[in-house]
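The values are calculated or read from the model by the stated rules, or taken from the named source; none is laboratory data. None of the values given here were measured: they were computed from a predicted structure. To get the accessible areas, we keep the full protein, side chains included, count just its heavy atoms, and leave off ligands, DNA and RNA. Shrake-Rupley method; radii C 1.70, N 1.55, O 1.52, S 1.80 Å.
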Amino acid sequence: EAGRRVVWVNEKGEAGEPFDLVVLSPSGEVASYIEVKTTAHAAKRTFEVTRREMEMALQMGSKFTVFRVALEGGGSQKTVSLTQMEHFSRHLGKSLQLIVSLGSSPAM
């Protein structure tokens with residue numbers, strides 16, 4: 001849509017938000033939030049989703065999209081693949097599986 005603007009929230013460093021980009025409507029309202037997940041291996045089928053990203057996806061519904069970007073190859077022969085997961089929360093429990101990784105537990 002003409003007049004939309006994309007803001008990269010991490011342009012000057014990690015902002016700590018559960019998204020990387022914000023798309024603003026011509027009037028300045030948030031049209032969507034975008035989280036970008038990157039890898040150097042297109043065959044890799046897993047990626048990390050934080051608790052805050054999951055909460056944001058559930059709260060924002062169709063306004064939250066995940067893009068999976070895979071960059072492979074070296075030199076001038078790089079290949080980029082892009083997968084868009086619109087309305088990310090609809091994918092939860094269907095085409096996605098949740099993998100839980102527990103960090104080290106505090107001493108008891």
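Annotations for the structure displayed:
- Additional length obtainable on full extension of the chain from A2 to L24, 0.36 nm per residue less Cα span: 6.8 nm
- Area of S76 that stays accessible when all protein chains are in place (1.4 Å probe, Å², to 10): 110
- Normalised by residue number, the volume inside the convex hull of the Cα atoms of the stretch 1-46 is 117 Å³ per residue.
- Once the Cα-Cα distance is subtracted from the 0.36 nm per residue extended length, the R51 to T79 segment shows a gain of 7.0 nm.
- Calculated P(r) tail over 12 Å for the stretch 27-75, as whole % of Cα pairs: 68
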